[in-house]
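Below is one structure, written out as structure tokens, with a few remarks after it.
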Amino acid sequence: MVKLLSVGVLLMLFSVPVLAQDYEDHDGMLMNHGDGHLMDMAGGMVMGQNADTLPGGCDRISETKEITVHAGHKYAEKFPGRMFAFDTQEFNFKPCTKLTVHFVNEDNIRHQWMMHGLPKYLYPKGMFHLEASGPSKISGTLILPPGDKTYLVHCDIAQHMEKGMKAQLKVGKGDGDLPSIPGVTAYIVADDYKATLPELAIKAEADAATAAKAVAIAPPVKPVVKAPAPDDSSITGVTVIGLAIGLLISPFLARKFKGMSAAEVVTYVFDLLRTSFDSLVKWLASLMKMIMANKHKILPKK
Ligand SMILES: [Cu+2]
């Protein structure tokens with residue numbers, strides 16, 4: 001009898017988590033924080049809610065649509081190598097559609113349905129964002145802008161997008177496709193799941209053997225005659241002198257350039273260079289003259 005009772009208690013204990021798996025509905029519990037930001041204490045959040053302001057360029061709401069998007073690990077099973085996904089990877093709506101999204105998170109972790117690239121004057125940070133912790137449902141409404149554009153929709157939790165929770169929403173004809181949308185566009189980093197691991201290992205070994213053979217067959221490469229290395233000591237000397245001069249004149253330059261624009265500084269530097277070049281030429285000319293004069297003086301004596 002005690003045995004039976006304990007089995008009953010155990011069964012009840014195990015059934016509690018199963019019963020608790022019901023989806024929490026955030027929609028009735030959300031508090032409005034203004035600016036289209038709604039939140040509740042259970043981890044539900046809506047940002048960029050806009051049910052009544054028309055985006056610029058929309059004369060009226062063209063259509064009113066409602067969609068339900070599911071999110072969870074199980075939707076990624078058909079995409080090899082992915083961990084999370086939405087149940088839909090591509091959405092298409094007419095410009096100026098009033099869209100209500102019911103977002104159902106089916107995992108025991110946090111997921112988001114985050115849309116980017118919306119006009120920032122209407123949507124804070126250009127985003128419309130639904131977020132739900134654990135198995136739950138949350139809903140939000142926005143009005144899509146006019147024009148043909150493709151919007152990124154993803155889950156922004158670290159690595160969830162890279163692991164597959166990524167979609168695109170095309171308004172009108174869209175303006176192209178985004179990469180790495182599971183089942184829609186090619187992955188930027190493609191994985192190969194056609195071969196099994198032992199097959200891949202054999203292939204890698206064969207590749208390595210071929211490469212080794214190619215190296216053995218290739219004629220010996222003539223050693224390239226190296227040009228004599230420039231005298232390092234002279235470079236060091238010049239560098240040291242340059243550094244010393246730089247250090248000496250930098251306080252003067254800093255004072256000189258204070259309050260000058262970049263263009264003015266450049267003009268000043270070029271002017272300075274030109275003046276120093278001129279005086280260098282003059283100095284060389286006079287030096288030459290002096291030498292020549294000396295030559296003339298010396299030559300007759302020889
Ligand atoms: Cu996620």
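The values are calculated or read from the model by the stated rules, or taken from the named source; none is laboratory data. Note that the structure is predicted; figures quoted are calculated from it, not measured. Please note: Cβ atoms are built from the backbone with ideal geometry, for glycine as well, and neighbour counts cover all protein chains shown.
A few remarks follow.
- Conditions (1) within 26 Å of the chain's Cα centre (by Cα); (2) buried (at least 19 other Cβ atoms within 10 Å of the Cβ); number of the one not met by VAL104: (1)
- Flag if ALA201 is in contact with a helix residue (DSSP H, G or I) (Cβ under 8 Å, 6 or more places away or on another chain), assigned by TED's automatic domain parsing to the domain that holds MET45, more than 30 Å from MET115 (Cβ to Cβ) and surrounded by 10 or more Cβ atoms within 10 Å (Cβ to Cβ): no
- Condition check for PRO135: of a type outside the set (A, V, I, L, M) and either more than 15 Å from the ligand (Cβ to nearest atom) or buried (at least 22 other Cβ atoms within 10 Å of the Cβ) (or both): no
- Filtered residue count, segment 104-116, keeping only those that are in a strand (DSSP E or B), more than 11 Å from the ligand (Cβ to nearest atom) and under 15 Å from ALA167 (Cα atoms): 1
- Residue in segment 3-25 that is of a type outside the set (A, V, I, L, M, F, W, C), at pLDDT 80 or above, part of a loop (DSSP other than H, G, I, E, B) and closer than 24 Å to HIS129 by Cα present: no
Table: residues versus (1) closer than 30 Å to MET31 by Cβ; (2) at pLDDT 95 or above; (3) in contact with a helix residue (DSSP H, G or I) (Cβ under 6 Å, 6 or more places away or on another chain); (4) of a type in the set (Lys, Arg).
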{"position": "PHE86", "(1), (2), (3), (4)": "yes, yes, no, no"}
{"position": "PHE91", "(1), (2), (3), (4)": "yes, yes, no, no"}
{"position": "THR100", "(1), (2), (3), (4)": "yes, yes, no, no"}
{"position": "TRP113", "(1), (2), (3), (4)": "yes, yes, no, no"}
{"position": "SER133", "(1), (2), (3), (4)": "yes, no, no, no"}
{"position": "PRO145", "(1), (2), (3), (4)": "yes, yes, no, no"}
{"position": "CYS155", "(1), (2), (3), (4)": "yes, yes, no, no"}
{"position": "GLN168", "(1), (2), (3), (4)": "no, yes, no, no"}
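- Top-ranked residue in segment 26-77 [being among the β-branched types (Val, Ile, Thr) and assigned to a loop (DSSP other than H, G, I, E, B); ranked as surrounded by the fewest Cβ atoms within 10 Å (Cβ to Cβ)]: THR53
- Of the numbered criteria (1) over 20 Å from THR53 (Cα atoms); (2) more than 12 Å from the ligand (Cβ to nearest atom); (3) surrounded by fewer than 16 Cβ atoms within 10 Å (Cβ to Cβ), the one GLN159 fails is (2).
- Among the residues making up segment 61-95, a single one is within 16 Å of the ligand (Cβ to nearest atom), among the aromatic types (Phe, Trp, Tyr) and either touching a Pro at 6+ places or on another chain (Cβ under 8 Å) or under 15 Å from THR141 (Cα atoms) (or both): PHE79.
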